[in-house]
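Report on the following structure.
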Amino acid sequence: MTFELSAHHREILGRAREVGEKVRWRATEADAAAAVDPVMREALQESGLAALTVPAAHGGASEQVDSLAVTVVREAFGGVSAHLDSLFAMQGIGSYALAVGASERIHQEWLPRVVTLDAIAALCLTEPEVGSDLKAISTTLVEHDGELVLNGHKSFITNAGAAHFYTVLAKEDDGYSLVFVPADTPGVQVESGPDLIAPHIIGEVVFTDVRVPLDSRVGQPGQAFPMVLQTLATFRVSVAGSAVGLAQAALDEAVAHTTSREQFGSTLARLGPMPQMLGTCWMEIEQARLLTYAAATRAAADPLGALHWSSMAKVAATETAGRVADRCVQMMGRFGVVTGSTIERLYRNARPMRIYEGGNEVLLGQLAKTLTRPARG
Ligand SMILES: Cc1cc2nc3c(=O)[nH]c(=O)nc-3n(C[C@H](O)[C@H](O)[C@H](O)COP(=O)(O)OP(=O)(O)OC[C@H]3O[C@@H](n4cnc5c(N)ncnc54)[C@H](O)[C@@H]3O)c2cc1C
């Protein structure tokens, strides 16, 4: 395994950085928005980068979604704007199961529009009473009079209200199925979600006797979890990329501040524990970046086989981002806690990363199970 990005991935990273630089001026506004920011969306559309989130057979960039390519884009976006990062990532997270298991009709009608961001995607797993323990969901899917009928309440759904379709996890008989639901289907109701410390397009989606054609079931009846797992296996590591980008941006802020501000006749960067704090941040970011690239390279080749690597990278990089952002705020003193400053926004944006796409404690528990299984590969 090589620890250097290939020329191909460096080119993708460079393109994503260009997009990030182009929209940096808009980041504060976009990251406070509860609806899709038109500047961010247009920049993403023009870049063509969302093609990386969909397989080539449906208008995307590569035969299989390349986890490393998605990860480096999120590294570039994560340090600039959580809104931009989420807009990009959700196109893949919300549509990947469709690419794997949806009908030809849905493939043709919807996936090319995901690539161009003319259709915004969303994935509905979480419910008011159910987070990590997805097998406890109560949303139901039944076949009735030649149609599928969906009833349930999904909670904390990214892109709720902005999405053009929802990929929904539901109980069907004794198993679990995924179903594709266009957002304008009668019976789909979006309610606004709570305000978060790091604002996000988020909401509750209620499905009341929602009727969709039989070919809206994604994959075979009762076979949702392998597709959910494939989605996570392909995209989880990209959260690590976003976290690395965020941590790097926080450190860049702290370096600029501590090398330009003087106290006690010296720059802050030379005072007391400051050098150790700066050095520790840098070391931890590079550690996280290396693990992230290594995990994403493995996930690109074999997403399911590398799931434990993706989980490790997600936990390591998001915990790093939390620690680094906190230290950077501290190094910047009162300027670190000013609402509307870049460091304050990065500090807030770092926090939810440890909770979504697999709570870090849940992932560590799964890693322990893998580690202690008798015949570990
Ligand atoms: C910004 C944001 C965006 C989101 N977007 C979406 C979305 O688009 N679609 C969607 O479906 N959901 C979404 N979610 C919900 C997210 O998936 C859940 O928050 C996540 O699954 C955790 O569930 P929970 O919050 O209910 O926590 P819980 O499951 O109640 O867990 C609470 C705590 O207990 C820990 N814990 C839980 N189980 C175990 C265990 N077995 N072992 C050890 N520790 C455990 C967790 O790690 C966590 O620290 C989003 C959440 C956020 C914050």
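Within the range 205-227, is even one residue under 30 Å from GLY20 (Cα atoms) and at pLDDT 95 or above?
Narrowing the range 205-227 to residues under 30 Å from GLY20 (Cα atoms): none.
No, there is no match, as no residue in the range 205-227 is under 30 Å from GLY20 (Cα atoms) and at pLDDT 95 or above.
So which pairs qualify, if the first residue must be in the range 125-150 and free of Cβ contacts under 8 Å to residues at least 40 places away in the same chain, the second must be surrounded by fewer than 18 Cβ atoms within 10 Å (Cβ to Cβ) and assigned to a loop (DSSP other than H, G, I, E, B), the Cβ gap must be under 7 Å, and the two must be at least 6 apart or on different chains?
Between residues of the range 125-150 that are free of Cβ contacts under 8 Å to residues at least 40 places away in the same chain and residues that are surrounded by fewer than 18 Cβ atoms within 10 Å (Cβ to Cβ) and assigned to a loop (DSSP other than H, G, I, E, B), the close pairs are GLU127/SER138.
Can you list residue pairs whose Cβ atoms sit under 6 Å apart, with the first residue in the range 86-98 being of a type in the set (Gly, Ala, Ser) and the second being part of a helix (DSSP H, G or I) and within 12 Å of the ligand (Cβ to nearest atom)? Count only pairs 6 or more apart in sequence or on different chains.
If the second residue must be part of a helix (DSSP H, G or I) and within 12 Å of the ligand (Cβ to nearest atom), the pairs left are GLY92/PHE235; ALA97/THR231.
Taking the stated definitions as given, is GLU204 of a type in the set (Asp, Glu), outside any helix (DSSP H, G or I), within 30 Å of GLY340 (Cβ to Cβ) and in contact with a Phe, Trp or Tyr (Cβ under 9 Å, 6 or more places away or on another chain)? Step through it out loud before you land on a result.
Numbers: of a type in the set (Asp, Glu): yes; outside any helix (DSSP H, G or I): yes; within 30 Å of GLY340 (Cβ to Cβ): yes; in contact with a Phe, Trp or Tyr (Cβ under 9 Å, 6 or more places away or on another chain): yes.
For GLU204, the condition - of a type in the set (Asp, Glu), outside any helix (DSSP H, G or I), within 30 Å of GLY340 (Cβ to Cβ) and in contact with a Phe, Trp or Tyr (Cβ under 9 Å, 6 or more places away or on another chain) - is met.
Hey, can you tell me all the residues within the range 139-181 that are under 20 Å from LEU232 (Cβ atoms), among the aliphatic types (A, V, I, L, M) and more than 11 Å from the ligand (Cβ to nearest atom)?
Within the range 139-181, ALA170, LEU178, VAL179 meet the criteria.
Which of the following residues is over 30 Å from LEU246 (Cα atoms) and crowded, with 24+ Cβ neighbours inside 10 Å: ALA89, ALA102, ALA82? First the steps, then the outcome.
On the way: ALA89 fails: over 30 Å from LEU246 (Cα atoms); ALA82 fails: over 30 Å from LEU246 (Cα atoms).
Exactly one residue qualifies, and that residue is ALA102.
Please work out which one of (1) part of a loop (DSSP other than H, G, I, E, B); (2) charged (D, E, K, R); (3) surrounded by 17 or more Cβ atoms within 10 Å (Cβ to Cβ) is the condition LYS154 fails and give its number.
All conditions are met except number (1).
Here's the yes/no breakdown for (1) under 16 Å from the mean Cα position of the chain (by Cα); (2) surrounded by fewer than 24 Cβ atoms within 10 Å (Cβ to Cβ); (3) hydroxyl-bearing (Ser, Thr, Tyr):
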position: ALA33; (1), (2), (3): no, yes, no
position: VAL36; (1), (2), (3): yes, yes, no
position: GLU63; (1), (2), (3): no, yes, no
position: THR71; (1), (2), (3): yes, no, yes
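Just checking, does the range 363-370 include any residue being outside any helix (DSSP H, G or I) and touching a residue at least 12 places away in the same chain (Cβ under 8 Å)? Break it down into steps so the answer makes sense when it comes.
Initial filter on the range 363-370 (outside any helix (DSSP H, G or I)): none.
No - not one qualifying residue is present in the range 363-370.
Kindly indicate whether ARG334 is part of a helix (DSSP H, G or I) and in contact (Cβ under 8 Å) with a residue 24 or more places away in the chain. Can you show your working first?
Numbers: part of a helix (DSSP H, G or I): yes; in contact (Cβ under 8 Å) with a residue 24 or more places away in the chain: no.
Here the answer is no, as ARG334 does not meet what is asked.
So, in the range 184-201, of the ones that are small (Gly, Ala, Ser) and within 21 Å of the chain's Cα centre (by Cα), which residue ends up modelled with the lowest pLDDT?
Initially, the range 184-201 is screened for residues small (Gly, Ala, Ser), giving 187, 192-193, 198.
Checking which are within 21 Å of the chain's Cα centre (by Cα) leaves us with 192-193, 198.
On the way: SER192: 93, GLY193: 87, ALA198: 94.
If we take residues in the range 184-201 being small (Gly, Ala, Ser) and within 21 Å of the chain's Cα centre (by Cα), then GLY193 is modelled with the lowest pLDDT.
Quick one: would you say VAL212 is touching an Asp or Glu at 6+ places or on another chain (Cβ under 8 Å), in contact (Cβ under 8 Å) with a residue 60 or more places away in the chain, crowded, with 19+ Cβ neighbours inside 10 Å and not assigned by TED's automatic domain parsing to the domain that holds CYS328? Give the derivation first.
Working: touching an Asp or Glu at 6+ places or on another chain (Cβ under 8 Å): yes; in contact (Cβ under 8 Å) with a residue 60 or more places away in the chain: yes; crowded, with 19+ Cβ neighbours inside 10 Å: yes; not assigned by TED's automatic domain parsing to the domain that holds CYS328: yes.
Answer is yes for this residue.
Taking ARG113 and the conditions (1) more than 16 Å from the ligand (Cβ to nearest atom); (2) in a strand (DSSP E or B), which numbered condition does it fall short on, given that it satisfies the others?
(2)
Filter the range 117-138 for residues that are assigned to a strand (DSSP E or B) and within 9 Å of the ligand (Cβ to nearest atom); which is farthest from ALA99 (Cα to Cα)?
Here is the first cut: in the range 117-138, the residues assigned to a strand (DSSP E or B) are 121-124, 127, 130.
Now narrow it down to the ones that are within 9 Å of the ligand (Cβ to nearest atom): 122-124, 127, 130.
On the way: ALA122: 14, LEU123: 13, CYS124: 16, GLU127: 24, VAL130: 26 Å.
In this case the residue turns out to be VAL130.
I'd like to know if the range 202-224 contains one or more residues that are within 22 Å of the chain's Cα centre (by Cα) and more than 30 Å from ARG345 (Cα to Cα). First the steps, then the outcome.
Start the filter on the range 202-224 by keeping residues that are within 22 Å of the chain's Cα centre (by Cα), which leaves 202-205, 218, 224.
Add one more test, that the residue is more than 30 Å from ARG345 (Cα to Cα), and what stays is 218, 224.
For the range 202-224, residues within 22 Å of the chain's Cα centre (by Cα) and more than 30 Å from ARG345 (Cα to Cα): present.
Has the range 14-22 got any residue that is at pLDDT 95 or above, surrounded by fewer than 20 Cβ atoms within 10 Å (Cβ to Cβ) and either in the same structural domain as PRO194 (by TED's automatic domain parsing) or assigned to a loop (DSSP other than H, G, I, E, B) (or both)?
So the first thing to find is which residues in the range 14-22 are at pLDDT 95 or above, and the list is 14-22.
Of the ones still in play, those that are also surrounded by fewer than 20 Cβ atoms within 10 Å (Cβ to Cβ) are 14-15, 17-18, 21-22.
Okay, now just the ones that are also either in the same structural domain as PRO194 (by TED's automatic domain parsing) or assigned to a loop (DSSP other than H, G, I, E, B) (or both), so none.
No, the conditions are met nowhere in the range 14-22.
Assuming ALA295 fulfils every condition listed in (1) outside the structural domain of PRO352 (by TED's automatic domain parsing); (2) assigned to a helix (DSSP H, G or I) apart from one, which condition is it?
Every condition holds for ALA295 apart from (1).
The values are calculated or read from the model by the stated rules, or taken from the named source; none is laboratory data. None of these values were measured; they are calculated from a predicted model. Here Cβ is always computed from backbone atoms with ideal geometry, including for glycine, and neighbour counts include all displayed protein chains.
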